[in-house]
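Reading through the structure tokens given below for one structure.
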Amino acid sequence: MNIIVTGGAGFIGSNFVFHMLEKYPEYRIVCLDCLTYAGNLSTLKPVMDNPNFRFVKESITDREAVYRLFEEEHPDMVVNFAAESHVDRSIEDPGIFLQTNVMGTAVLLDACRKHQTLRFHQVSYGRLQKVWDHPLSSGIDRRGIWGSPP
């Protein structure tokens, strides 16, 4: 199985890479990360010499680079951890959030469709609890969203 993991040099993504290589040593893991403030290549040092691991420094927003990587690796699955996630940064520059989180994800989905990669896992995290704790949300029936209140 060939898996492209985006954002794999970040804290959560790198732990996923470690887990997958340990649990499934026969899998090929390709980490695609552009190493912004959230990514650190030294995090991946323990797996850099693993023959079933490859690191590619590119952005998910670069369509040509993503398509080229799909042509080279023929992934069976994509796991997308790549995201702008720091709230303070979203206030300073909301455009980069749209570019990475929306347009970058669209590039990945287009590449999956073009190269017939049938499995795409979108990993998203945030601070939804703050929304639910807000007084204006007290009348919302949350069971219809996730099955039960957080």
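Cβ-Cβ contacts under 9 Å between residues 6 or more apart (or on different chains), taken from a first residue in the range 39-65 that is of a type in the set (Phe, Trp, Tyr) to a second residue that is part of a helix (DSSP H, G or I), are listed as Phe53/Val17; Phe53/Leu21; Phe53/Leu44; Phe53/Val47; Phe55/Leu41; Phe55/Leu44; Phe55/Val47.
Of everything in the range 4-30 that's out of contact with any helix residue (DSSP H, G or I) (no Cβ under 6 Å at 6 or more places or on another chain) and within 15 Å of Ile60 (Cα to Cα), which residue is modelled with the highest pLDDT? My answer is Ile4. The condition of being crowded, with 16+ Cβ neighbours inside 10 Å, in a helix (DSSP H, G or I) and touching a Gly at 6+ places or on another chain (Cβ under 6 Å) holds for Val17. Could you please find all residues in the range 5-14 being in a helix (DSSP H, G or I) and either without any contact (Cβ under 8 Å) to a residue 60 or more places away in the chain or at positive phi (or both)? Once the filter is applied, which keeps residues that are in a helix (DSSP H, G or I) and either without any contact (Cβ under 8 Å) to a residue 60 or more places away in the chain or at positive phi (or both), the range 5-14 yields Phe11, Ser14. Of everything in the range 43-82, what is β-branched (Val, Ile, Thr), in a strand (DSSP E or B) and surrounded by 20 or more Cβ atoms within 10 Å (Cβ to Cβ)? Give them in sequence order. Matches in the range 43-82: Val78, Val79.
Please tell me if Gly39 is at pLDDT below 95, in a loop (DSSP other than H, G, I, E, B) and surrounded by 13 or more Cβ atoms within 10 Å (Cβ to Cβ). Against the criterion (at pLDDT below 95, in a loop (DSSP other than H, G, I, E, B) and surrounded by 13 or more Cβ atoms within 10 Å (Cβ to Cβ)), Gly39 qualifies.
The values are calculated or read from the model by the stated rules, or taken from the named source; none is laboratory data. For clarity, every value in this text was computed on a predicted model and none was experimentally measured. Using ideal geometry, Cβ is built from the backbone for each residue, glycine included, and neighbour counts are taken over all protein chains shown.
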